[in-house]
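**Q** Take a look at this one; I'll ask things after.
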Amino acid sequence: MSDNQNLLAEQRRALILDEVRRRGGVRVNELTRKLNVSDMTVRRDLDALARRGMVEKVHGGAVPVSEPSAHEPGFEVKSALELSAKEDIARAAAEMAAPGSAIALAGGTTAFALAQQLLEVPDLTVVTNSVRVADVFYTAQRAAATGGSGPRAGAATVVLTGGVRTPSDTLVGPVADAAIRSLHFDVLFLGVHGISVEAGLSTPNLAEAETNRHFVRSARRVVVVADHTKWGTVGLSSFASLEEVDVLVTDAGLSAEARAQFAELPPELLVAGEQPDDTDI
């Protein structure tokens, strides 16, 4: 059987990981049929995912890794997951950033994807505690300045908070908290480690939880950007209830069960790439 060349390795591994998490385990022969690739390719993919600590290999397949609630993966590990979903979410969320507004972008790989979509929104003031997010804007400004022309008109003004750096490259702690407390945002775009009805929004990092609380309190509108794999995940520390969220932007992979639960909850649910269910004439 020849390998399917239409899927890049990281895309294929993201699909495998999603299948493992959704079903609680998969067999190699099932994946070869589903992905139309060779047995050897699937085994290489499982080896790569196992080295990153994302799955546990068992005889004939793989099962999910049971992560403790205080475990926090690094940015590079998370950036390889759900790539297309994050891009869809970022494009949908970017529509909520009005030119000239003051927005906050908390850390995470989905916020990183969103930052790249916001580069063309004019006259934004962006406050972030993410080193990676800040770098997106700084790099764009340096590129625009090539040849001495200076940053393009209307380029975002970026404020990077101070603080202690986490494994996901966010700055947290008292310094970040003090900076955020003194500000007021039109919209907060917030990536999360986990979402559930009982725990609300949660993270494995206690200091990051406190910094996120200040972000939520300082925003007129809270928009959570999170792919479907975050639903049902609970980290060590909760920092906001779902009642404090205005909009959840997610992807089409969100299960029917989760959608049914959200129908009873306060936040507006926006599924990127799907038309809203609007029967009004």
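The values are calculated or read from the model by the stated rules, or taken from the named source; none is laboratory data. Just so it is clear, the model here is predicted, and its values are computed rather than measured. All Cβ positions, glycine included, derive from the backbone under ideal geometry; neighbour counts span all protein chains shown. To get the accessible areas, we keep the full protein, side chains included, count just its heavy atoms, and leave off ligands, DNA and RNA. Shrake-Rupley method; radii C 1.70, N 1.55, O 1.52, S 1.80 Å.
**Q** With springs connecting C-alpha atoms under 10 Å apart, model the chain as a Gaussian network and identify which of Val136, Val222, Val37 has the largest mean-square fluctuation.
**A** Val37
**Q** Let me ask something additional. Tell me the Kirkwood radius of the stretch 181-251: reciprocal of the mean inverse pair distance over distinct alpha-carbon atoms, in Å.
**A** 12.0 Å
**Q** In Å, what is the Rg of the alpha-carbon atoms in the stretch 219-281, and how long is Dmax?
**A** When restricted to the Cα atoms of the stretch 219-281, Rg and Dmax are 12.4, 46 Å.
**Q** To continue, here is another question. Please sort by residue number the GluC sites (Glu not before Pro) in the stretch 187-251 whose DSSP state is loop and whose Cβ has at most 10 other Cβ atoms within 10 Å.
**A** Those that pass, being in a loop and sparsely packed, are Glu198.
**Q** One quarter of the convex hull surface, Cα atoms only: what value does that give for the stretch 5-64 in nm²?
**A** Result: a mean projected hull area of 3.4 nm².
**Q** What value does the stretch 151-281 have for Rg/Rh, both radii from Cα atoms and Rh as Kirkwood defines it?
**A** 1.01
**Q** Share of antiparallel DSSP beta bridges in the chain, in percent to the nearest 5?
**A** Around 40 percent antiparallel, to the nearest 5.
**Q** Cα-based Rg of the chain per 2.2 N^0.38 Å, rounded to two decimals?
**A** That works out to 1.05 for the chain.
**Q** Quote to one decimal, in nm, the extra length available between Arg221 and Ala144 on full extension: 0.36 nm per residue of separation minus the C-alpha distance between them.
**A** 24.6 nm
**Q** Tell me, what is the per residue accessible area of the stretch 113-242 in Å², probe radius 1.4 Å?
**A** Spelled out: the 1.4 Å probe surface of the stretch 113-242, per residue, equals 40 Å².
**Q** Starting from the 7 Å offset along Cα-to-Cβ, what nm value, one decimal, do you get for the label separation of Glu120 and Arg91?
**A** About 1.1 nm separates the two model spin labels.
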